[in-house]
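Here the structure is laid out as structure tokens; the discussion comes afterwards.
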Amino acid sequence: MIRRVFVLAVLLISTAAYAQKRLVIIDQDGSGPADASSMMSILALLQSPEVEVRGITVVTGDAWRDEEVQHTLRMLELTGHANVPVVPGAVFPLVRTQDESRLAAQLHGKPVWEGAWGGREDVALPAGAAADASFLKGSHGPWDVPPLAEGAPKTKPLDEDAAHFLVREVRARPQQIAIVALGPLTNIALAIAIEPRFAELTRGIAIMGSSINPQTDDPEFATSPRFEFNFWFDPEAVHKVLRAHWPRIDVTTVDVSIKTMFTDDMFNAIGRSDAPAAQYIAKYTSGRYYMWDELAACAWLDPTIITKTRDVYMDVDLSHGPDYGNTLTWPKELKPALDLQLVHAQLDVDLPKFRSMFVRLMTR
């Protein structure tokens with residue numbers, strides 16, 4: 001009898017442990033649904049049965065924060081996830097400014113993508129890509145929220161700033177929450193400034209950012225192989241985040257991201273589903289572009305989709321010259337005598353497995 005009770009207790013404990021969800025906070029520059037990557041990456045994590053999203057913190061990047069907050073709230077309403085908190089974060093980078101960046105562009109040349117500060121320059125898109133022209137062109141002020149194609153949300157964001165929300169969550173659940181950071185790292189840097197042990201209180205961080213040596217003829221990266229927008233937009237934040245003592249740092253690089261085009265076949269497969277997430281994508285997503293953020297989210301969910309990584313010590317150029325914001329990397333034997341942290345940089349992907357996984361998540 002005692003043996004039976006013991007076995008039953010072990011089974012119950014094992015079942016409870018198996019059923020326990022992975023906790024995550026998504027930090028994202030959630031631009032509108034015409035920009036597929038931001039919203040679809042959030043949905044990848046929301047749609048996973050293995051994950052509990054504790055909140056979505058929003059930062060200016062591809063678009064301005066206030067507009068991004070509205071798009072994110074509305075997406076959550078339309079896809080059945082309106083219970084997830086949305087928390088406004090930083091409007092501006094820590095140091096870099098729009099005016100100084102415009103001056104630097106006159107001196108050193110323009111970046112192809114400037115996000116909230118002006119959209120995309122007139123260069124040829126990579127083969128197979130298509131994008132919504134209204135998303136790629138122009139910009140508006142930081143406090144303006146144009147009418148949303150998907151309609152205005154009825155829900156409201158939390159009356160709290162992202163940095164304090166992040167700190168509060170990890171203090172309440174030490175070593176239980178992972179951070180998946182898919183935009184500029186300003187919110188994460190501010191959380192570290194408030195709580196210097198913030199990184200150590202998490203289960204680690206997955207970052208969409210950096211570029212090492214992408215093999216491409218895409219002009220955005222072929223001529224500037226160390227440029228990546230999220231790192232470029234707020235280099236000082238990247239510097240602070242990469243120096244923090246995380247249990248683990250995984251970085252989805254440009255090198256692997258540019259291998260993951262969102263295809264018409266994927267779009268059509270998703271559109272055939274009646275799932276709310278699938279119907280949101282079918283109705284509002286018009287772009288076909290690299291799946292930057294979706295790959296980072298899915299690689300956090302299932303690391304086996306990544307087939308090649310390189311362990312490097314990583315930082316960012318803060319020199320305010322032509323390479324300001326570019327990725328810096330070193331192997332162990334060549335790194336500076338500084339407190340740099342080891343980064344697991346993703347370089348290649350099992351593309352069929354990733355695409356199948358993503359379609360499956362969107363059609364749940």
Coil-residue trypsin sites (Lys or Arg not before Pro) of the stretch 222-281, DSSP, other Cβ within 10 Å capped at 15: Arg248, Arg272
Dipole check, the stretch 245-364, charges on Cβ (K,R +1; D,E -1), about Cα centroid: among His344, Val251, Gly287 the Cα furthest to the positive pole belongs to Gly287
Once normalised by the length of the chain, the mean sequence separation of its alpha carbon contacts under 8 Å that are 6 or more apart gives a contact order in percent of 20 percent
Looking at the square roots a ≥ b ≥ c of the eigenvalues of the Cα gyration tensor of the stretch 183-285, which shape do they give, rounded for a/c under 1.5, prolate if a/b is larger than b/c, or oblate? oblate
With the contact rule set at Cα under 8 Å and sequence spacing of 6 or more, what percent relative contact order holds for the stretch 246-289? 36 percent
Could you tally the net charge around Pro276, taking each other residue with its Cβ under 13 Å from the Cβ of Pro276, Lys/Arg +1 and Asp/Glu -1? 0
How do the peptides 67-79, 83-95 rank, highest first, by the average count of neighbouring beta carbon atoms within 10 Å per residue? 67-79, 83-95
Cβ crowding within 10 Å averaged over residues, with 38-49, 332-343, 53-64, 294-305 ranked highest first: 53-64, 38-49, 294-305, 332-343
For Pro93, net neighbour charge (Lys/Arg +1, Asp/Glu -1) across residues whose Cβ lies under 11 Å away: -2
Antiparallel bridges, percent of DSSP beta bridges restricted to the chain (to nearest 5): 40 percent
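Defining a contact as two alpha carbons under 8 Å apart and six or more residues distant in sequence, what relative contact order in percent does the stretch 186-270 show?
Once divided by the residue count of the stretch 186-270, the mean separation gives 42 percent.
Under the classification rounded if a/c is under 1.5, otherwise prolate if a/b is larger than b/c and oblate if not, where does the stretch 242-326 fall, given a ≥ b ≥ c as square roots of the Cα gyration tensor eigenvalues?
Prolate.
Output the pairs from Lys154/Lys353; Lys240/Lys335; Lys156/Lys240; Lys332/Lys353; Lys21/Lys353; Lys308/Lys353 with a Cα-Cα distance over 26 Å in this structure; if there are none, say none.
Numbers: Lys154/Lys353 37 Å; Lys240/Lys335 17 Å; Lys156/Lys240 31 Å; Lys332/Lys353 32 Å; Lys21/Lys353 23 Å; Lys308/Lys353 14 Å.
In this structure, Lys154/Lys353; Lys156/Lys240; Lys332/Lys353 lie more than 26 Å apart at Cα.
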Rounded to the nearest 20 Debye, what is the dipole magnitude of the chain about its Cα centre when Lys and Arg each give +1 and Asp and Glu each give -1 at the C-beta? 1540 debye
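With the Cα gyration tensor of the stretch 20-362 giving a ≥ b ≥ c as the square roots of its eigenvalues, does the rule (a/c under 1.5 for rounded; else a/b larger than b/c for prolate; else oblate) give rounded, prolate or oblate?
In terms of gyration-tensor shape, rounded.
Every number here is computed from the coordinates shown, using simple stated rules; none is lab data. The structure presented is a predicted model; accordingly, all values stated were derived computationally and were not measured. Neighbour counts are summed over all protein chains in view; Cβ atoms, including those assigned to glycine, are modelled from backbone coordinates with ideal geometry.
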